[in-house]
Amino acid sequence: MIEERPGSTSSLRRRNSAQVLQAVRQAGGLTQAEIARRSGLSPATVTNLVRDLAAAGQVEVAATVLNGRRSRLVTPVVPSGYVLGVDVGRSHIRAGLADLGLDLVAQGDRRMEPGLPAEQGLELVGQLYQEVLERAGVDRGEVLWAGVGVPGPLDQASQQIGAGTMLPEWTGQDLRSRFARLLGLPVAVDNDANLGALGEHAWPPGLSVRSMIYVRLATGIGGGLILDGRLYRGADGVAGEIGHATIDENGPLCRCGNRGCLETMASIPSLLRVLASALDREVDVHGWVGLVRQGHTTANRLIDELGHHLGVAVSNLCNLVNPSLVLLGGPIAAAGEALLEPVRSEVRRRSMPSAYDRLRVEASRHGEMSEVYGAARLALDALTERMSAQGEDLSQAPATAGRGSGWTNS
């Protein structure tokens, strides 16, 4: 294969072609005019790139009529094979198997006891993977790549979870290597909130916004940033840790060592304990949401408290990065307007008008599956990048590129 210079014409064309193909796959189909608007490429460039992609069998082009005008609709050609998305939480594991067009073919979940050692947690992931394969009727050899989300800051270089994770038992593990050996697949690993943001933004039909914040509300509170259309991880992979934004410098001590972090001021487990005390019985997040919908006074006061604390942290991020959309994820987001309205109120009060005027604050589209979708999307992107680097294209992806194929994560 001829080596390309990074700034060469052929290298630029390859990147533009990949950008067009990603946009089409993300949306499930776009007109050439829409591709030009989304990518910032000229209509003439898009026409040439689409022609080349069609000749390579990666897209199909058909005449259509849109708003009374003739257009050319570009749709992706879906090759064979599958990717796996896994979301590992403090007390759960979820997995989904998707084809290379990102249509989900099977999913499953398992409860994981908090504090379970890493070895036993990995064993549960392996069992769930086998269950999902059986539900889909798919052989292991047809799965090409896996994406895995974990709670807490992840060092992208070492692939280890850092301090402050909700899985302290997994600290110090080379997660990519461990999951690769377990699953028999090349694996990409990322923070779960990052993957929630990616799942919301890039799972078909994707969102057209260029900058957004995704906040995951679970045992801990995490954030994922999409900036200028791309997932932003920061210098060391820990951008978006909104759970450790300081709300009250004299507040209670956080597990990260600081005081008054959002996670301590708006901790869902601690709020559930307050609610359980008021009810004189245990209640989980889903029960809390049910009580909110029934108009229960204490349940609504606690959701209001959560929303206001969250709004303080979100407003700081909005002033900093000026997103057009904030999405709240995790099971508590099912409370809907009862949670969204106090967040909006606080963000409106604390943000600069220019940062708030066009801002939308909404619940996630995919609920508790956002992180699984993001993990599958991460796997597909890693697969596409690897094949592009090897001078191949995804339409030629081998059905045996997973187990025993000789592919590695290097």
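Scan segment 208-222 and give yes if some residue there is in a loop (DSSP other than H, G, I, E, B) and more than 30 Å from LEU340 (Cα to Cα), otherwise no. Taking every residue of segment 208-222 in turn, none turns out to be in a loop (DSSP other than H, G, I, E, B) and more than 30 Å from LEU340 (Cα to Cα).
Which of (1) in contact with a His (Cβ under 9 Å, 6 or more places away or on another chain); (2) touching a residue at least 12 places away in the same chain (Cβ under 8 Å) does ALA180 not meet, given it meets every other one? Evaluating ALA180 over (1) in contact with a His (Cβ under 9 Å, 6 or more places away or on another chain); (2) touching a residue at least 12 places away in the same chain (Cβ under 8 Å) leaves (1) as the failure.
Among the residues of this structure, GLY311 counts as one that is out of contact with any Leu (no Cβ under 9 Å at 6 or more places or on another chain) and among the small types (Gly, Ala, Ser).
If we scan segment 189-197, do we find a residue that is polar (S, T, N, Q), out of contact with any helix residue (DSSP H, G or I) (no Cβ under 9 Å at 6 or more places or on another chain), under 28 Å from GLN173 (Cβ atoms) and modelled with pLDDT under 95? Checking segment 189-197: at least one residue is polar (S, T, N, Q), out of contact with any helix residue (DSSP H, G or I) (no Cβ under 9 Å at 6 or more places or on another chain), under 28 Å from GLN173 (Cβ atoms) and modelled with pLDDT under 95.
Within segment 234-273, restricting attention to residues that are in contact with a helix residue (DSSP H, G or I) (Cβ under 9 Å, 6 or more places away or on another chain) and exposed (fewer than 15 other Cβ atoms within 10 Å of the Cβ), the residue that is nearest to ILE221 (Cα to Cα) is SER270.
Looking at ARG111 and the list (1) free of Cβ contacts under 8 Å to residues at least 24 places away in the same chain; (2) exposed (fewer than 14 other Cβ atoms within 10 Å of the Cβ); (3) out of contact with any strand residue (DSSP E or B) (no Cβ under 7 Å at 6 or more places or on another chain), which single condition is not satisfied? Single failed check for ARG111: (3).
Would a scan of segment 187-207 turn up a residue that is farther than 22 Å from TYR82 by Cβ, surrounded by fewer than 22 Cβ atoms within 10 Å (Cβ to Cβ), without any contact (Cβ under 8 Å) to a residue 40 or more places away in the chain and not β-branched (Val, Ile, Thr)? No: segment 187-207 contains no residue that is farther than 22 Å from TYR82 by Cβ, surrounded by fewer than 22 Cβ atoms within 10 Å (Cβ to Cβ), without any contact (Cβ under 8 Å) to a residue 40 or more places away in the chain and not β-branched (Val, Ile, Thr).
Checked against (1) under 19 Å from ARG377 (Cα atoms); (2) touching a helix residue (DSSP H, G or I) at 6+ places or on another chain (Cβ under 6 Å), GLN173 passes all but a single condition, namely (1).
The values are calculated or read from the model by the stated rules, or taken from the named source; none is laboratory data. Keep in mind that this is a model prediction, so the values were computed, not measured. Cβ sites come from the backbone with ideal geometry, for glycine too, and all protein chains shown count toward neighbours.
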